[in-house]
Amino acid sequence: MMNSPIISLERLNGVERKDTMEKIKDACQNWGFFELVNHGIPHDLMDTLERLTKEHYRKCMEQRFKELVSSKGLDAVQTEVKDMDWESTFHVRHLPESNISELPDLSDEYRKVMKEFSLRLEKLAEELLDLLCENLGLEKGYLKKAFYGSRGPTFGTKVANYPQCPNPELVKGLRAHTDAGGIILLFQDDKVSGLQLLKDDEWIDVPPMRHSIVVNLGDQLEVITNGKYKSVEHRVIAQTNGTRMSIASFYNPGSDAVIYPAPELLEKETEEKTNVYPKFVFEEYMKIYAALKFQAKEPRFEALKA
């Protein structure tokens, strides 16, 4: 069984740099996903965040989820549910300005730890974007600049719990989709699995690994790299053996950022101009994505060309 690539960031600083950069390049070109270890985020910070997230779910969200499931008759479904996900979520915005102080139910400790974790993730996302620039032959900072818009990039976190499910064959934890934005960093449960990516028409597990950060590329990086790097379909399978925690942070373009393929990457292309992606404002893409999230991405790009 194939697994997505595992990359150690500490190897960037020594003789293994070239080999590590090659692994990142291969992961971006052929997988759209990789798992980062030795990424510099303290393990004790991750452990505290995991504990607080699970406590918050049990205290503030579990009962609400049970009531929702019951009200929709999902606890006794007989046929496949295609229009809903078996997940309990809340969202935090970090950039351009944070809304964490406005969210109800969060303890002061949880807010503080989430804030510190998001600052470290933001730095890691920007470091990764520069590594991608290096591999693509783009000037350092190109991708961050492309995401900038008038107020800088947007950065936010979706905190999800995928509760134990009595009928995982009938309802998905999260239906298959590609991510709309830029680069996504996921801190996932290290005990309960469920995340899968589509590779060569086959669903492949992204196994839980303690203290790793799973990285995947969104649709905007596919456009900017003119298809050299692709966003990849992924999904979450509901499980019968416990609740799965997922903390996914999205480093995305600003809403008014204009997205288009990097000219340097077009110049190096052959005469095949049929593949050129459209030029658009990120906010316009998001409107189309909101309606078509769980469908193929190609019609979204086509709609913007029109």
### Message
Please go through (1) closer than 25 Å to Tyr229 by Cα; (2) part of a helix (DSSP H, G or I); (3) not polar (S, T, N, Q) for Gly156 and return the number of the only condition it doesn't satisfy.
### Response
(2)
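With respect to Ser107, is the statement that it is among the polar types (S, T, N, Q), touching a residue at least 40 places away in the same chain (Cβ under 8 Å) and surrounded by fewer than 19 Cβ atoms within 10 Å (Cβ to Cβ) true?
Working: among the polar types (S, T, N, Q): yes; touching a residue at least 40 places away in the same chain (Cβ under 8 Å): yes; surrounded by fewer than 19 Cβ atoms within 10 Å (Cβ to Cβ): yes.
Yes.
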### Sole residue being touching a Pro at 6+ places or on another chain (Cβ under 9 Å), hydrophobic (A, V, I, L, M, F, W, C) and either over 13 Å from Asp189 (Cα atoms) or at pLDDT 95 or above (or both), chosen from Ile224, Ile213
Ile224
### Task
Determine which member of the set Arg51, Arg93, Arg111 is under 22 Å from the mean Cα position of the chain (by Cα) and under 22 Å from Leu217 (Cβ atoms).
Arg93
### Task
Considering only segment 59-73, state which residues are assigned to a helix (DSSP H, G or I) and more than 24 Å from the chain's Cα centre (by Cα).
Lys59, Cys60, Gln63, Arg64, Lys66, Glu67, Leu68, Val69, Ser70, Ser71
### Task
Return a yes/no flag: does segment 10-29 have any residue that is out of contact with any Phe, Trp or Tyr (no Cβ under 8 Å at 6 or more places or on another chain), over 21 Å from Gly137 (Cβ atoms), in a helix (DSSP H, G or I) and not basic (Lys, Arg).
yes
### Query
Using beta carbons and a limit of 8 Å, which pairs, at least six apart or on different chains, have the first residue in segment 9-24 and under 19 Å from Lys123 (Cβ atoms) and the second one surrounded by fewer than 17 Cβ atoms within 10 Å (Cβ to Cβ) and among the β-branched types (Val, Ile, Thr)?
Leu9/Val37
### Query
Which residue out of Glu80, Glu102 is of a type outside the set (Gly, Ala, Ser), free of Cβ contacts under 8 Å to residues at least 60 places away in the same chain and surrounded by fewer than 15 Cβ atoms within 10 Å (Cβ to Cβ)?
Glu102
### Query
Given Glu264, Glu284, which one is of a type in the set (Asp, Glu), modelled with pLDDT under 95 and not in a loop (DSSP other than H, G, I, E, B)?
Glu264
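The values are calculated or read from the model by the stated rules, or taken from the named source; none is laboratory data. The structure displayed is predicted, hence computed values, not measured ones. Because the Cβ atoms are built from the backbone with ideal geometry, glycine has one as well, and the counts that use them run over all protein chains shown.
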